Amino acid sequence: MGGTGYFPPESMLHRVQAHRAVGQTYGQRALIVGATSPVPYVGTSSSTKAKERPFARLSATAEAFEAIFFGDRDEADRVLTGVRRMHSRVKGVLPQDEGRFPAGTPYDAFDPHLMLWTMAVLADSSRACFEALVRPLTSAEREDLWQDWVRFGELFGMPPAVAPATADEFDAWMAAHLDGPDFHVTEEARAVGRAIALDMPVPGRLRIGSRGTNLVVVGLLPARVREAFGLPWSAAHAAGHRALTAAVRASQRVAPDRVRLGRNTRLFRIVTATEHKVIAAGGTTIDLPGT
């Protein structure tokens, strides 16, 4: 991983995301939590022409983000240019009422508050996955990590003034959304979120590991989010989650760096290739409402 990028190796964002255990889980969690805000969800969904390939989109996004986390500025800037181009197409209005948001509510990918939400679910999931799977962060580390995520948002055009000023303020802001009236899951978002949580396409040899990853992700979701997506959670699930996260944390102390740390490109491309094979054979990886 290069040290000449926006997030050098000593930065907290680089140090946190460099753990493969984080890189392989935070994106799933972030997408599910992100889908509880209907305006950005509908805006993003309405702009894509590849709804039938959700996991290829997820993998491509995750790979692009790792280019920004770990790459030099040339690599990161190529990704940022492409993302800005895509975001220029994300603009419109809600076609129907969704929660407290009436039909006609506008959305725009360059709206500062929608940009904040997109960054916020990544930041929240990054911290949650690191603390569950690696170790707790100190107060100073949490603050540094939050400021790095604000910087990440800035790279996409988010005005830093729109973000909570401190990590503690961010935690309160995030909790207010998850407990508040803006929380709403559309019918499509529920189907997509369940697929992301439970049905990641991988080859047979990786399915046991994928089920473990799913358990980690679902266990790290707030209870209201699990309930909104209809994700099962019992005492047995909770016990399995505690045992699995403890095992992953313990492995961090003994696994060599080449196993623990690095980009997840190979996994992302395996997911994309597996989805392609399913679709090429006439199958689907997600059943969307109305299709």
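Some observations on this one:
Let's see how each residue does on (1) open to solvent by less than 20 Å² (accessible area, probe 1.4 Å); (2) among the hydrophobic types (A, V, I, L, M, F, W, C); (3) not in a loop (DSSP other than H, G, I, E, B):
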position	(1), (2), (3)
Ser46	no, no, yes
Ala60	no, yes, yes
Glu66	yes, no, yes
Glu75	no, no, yes
Leu116	yes, yes, yes
Leu122	yes, yes, yes
Ser126	yes, no, yes
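- Where a residue in the range 203-232 is among the basic types (Lys, Arg) and its partner, wherever it lies, is open to solvent by less than 10 Å² (accessible area, probe 1.4 Å) and not in a helix (DSSP H, G or I), with Cβ under 9 Å and at least six apart: Arg224/Thr36
- Considering the range 2-38, the residues that are assigned to a loop (DSSP other than H, G, I, E, B) and of a type in the set (S, T, N, Q) include one that is farthest from Ala189 (Cα to Cα), namely Thr4.
- Here Ala140, Ala161, Ala165 are screened, and the one residue that is among the aliphatic types (A, V, I, L, M), open to solvent by 60 Å² or more (accessible area, probe 1.4 Å) and not in a helix (DSSP H, G or I) is Ala165.
- The lone exception for Arg258 - which of (1) open to solvent by 70 Å² or more (accessible area, probe 1.4 Å); (2) within 29 Å of Glu187 (Cβ to Cβ) it fails: (2)
- Considering residues of the range 44-88 that are within 16 Å of the chain's Cα centre (by Cα) and modelled with pLDDT under 90 only, the residue nearest to Met200 (Cα to Cα): Phe55
- Total residues in the range 77-98, condition surrounded by 16 or more Cβ atoms within 10 Å (Cβ to Cβ) and of a type outside the set (Val, Ile, Thr): 5
- Failed criterion for Tyr41 (all others in (1) open to solvent by 20 Å² or more (accessible area, probe 1.4 Å); (2) at pLDDT 95 or above; (3) among the aromatic types (Phe, Trp, Tyr); (4) closer than 30 Å to Glu188 by Cα hold): (2)
- Residues that are touching a Gly at 6+ places or on another chain (Cβ under 8 Å), buried (at least 16 other Cβ atoms within 10 Å of the Cβ) and either hydrophobic (A, V, I, L, M, F, W, C) or closer than 22 Å to Arg15 by Cα (or both) within the range 99-114 comprise Ala109, Leu114, listed in sequence order.
- Selection within the range 168-197 - open to solvent by less than 20 Å² (accessible area, probe 1.4 Å) and touching a strand residue (DSSP E or B) at 6+ places or on another chain (Cβ under 8 Å): Thr186
The values are calculated or read from the model by the stated rules, or taken from the named source; none is laboratory data. Values in this document were obtained by computation on a predicted structure and should not be read as measured data. Ideal geometry is used to build each Cβ from the backbone, glycine not excepted, and the neighbour counts take in all protein chains shown. Surface areas here come from the heavy atoms of the whole protein model, side chains and all, with no ligands, DNA or RNA. Shrake-Rupley method; radii C 1.70, N 1.55, O 1.52, S 1.80 Å.
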